[in-house]
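A short reminder: the numbers here are calculations on the coordinates, not readings from a lab. Computed from a prediction, not measured in an experiment: that's the story for all the values here. Heads up, the Cβs are rebuilt from the backbone with ideal geometry, glycines too, and the neighbour counts pull from every protein chain shown.
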Amino acid sequence: MNRAVVSLALLLSLSLLAGCQKAEEAPPAPTVLTAPTGTDDMAWKEYLGKVVGQNQAGVTDRTFPYYLPANSAEPAEGDQDGKSQYDRQLENVTAVVQRTVLPGNMLAFGSPDSAKMADLITTAFTGAEPDALKGSQVLFIGKAEDSARVQAAVEAAGAKYIFVEAK
């Protein structure tokens, strides 16, 4: 009988302690984001920044964002060498991929022109070493029809691929 009383007292004590502990709060659900309609650069950059912020899991170092405006294939006015923003961004990304990306980093890509950004990514990643991005992540924010080809190029370079559909 004495053991039963001790067991009951212990059980009640544990129940009271459990009730006194602060209940763990569930993290808030991420806000559903809607891509801007049109080609407003500021609206797109704001949207892309928020999407990148929601997809930081596993990033332990830096995030490198890459953005192309809708008219990126045209040379900028007053540009002396005639290179377009697309050409400049392609050179930048290709150089980064060739140098490799350290684990814990993220490369994030987005544009109002999903197909053009997908072209840039697949071209820049062509010929990359199989472990050039091992331990890093690549986030592509674009249209679903562009995702598979981007995924193939990114994963061939050893990166974790994350896709967020811009809708």
Those residues of region 143-160 which are touching a strand residue (DSSP E or B) at 6+ places or on another chain (Cβ under 6 Å) and either among the polar types (S, T, N, Q) or surrounded by fewer than 18 Cβ atoms within 10 Å (Cβ to Cβ) (or both), in sequence order
144, 147, 151, 155, 160
Reported set for region 83-142 where residues are in a strand (DSSP E or B) and either crowded, with 21+ Cβ neighbours inside 10 Å or of a type in the set (Phe, Trp, Tyr) (or both) is 106, 107, 108, 109, 110, 137, 138, 139, 140, 141, 142
Condition met for residue 97 (closer than 14 Å to residue 64 by Cα and out of contact with any Lys or Arg (no Cβ under 6 Å at 6 or more places or on another chain))
yes
So residue 71 clears everything in (1) closer than 23 Å to residue 47 by Cβ; (2) outside any loop (DSSP other than H, G, I, E, B) except one condition, right? Which one?
(2)
Residue ID - farthest from residue 70 (Cα to Cα), chosen from residues in region 143-167 that are touching a residue at least 60 places away in the same chain (Cβ under 8 Å) and in a strand (DSSP E or B):
160
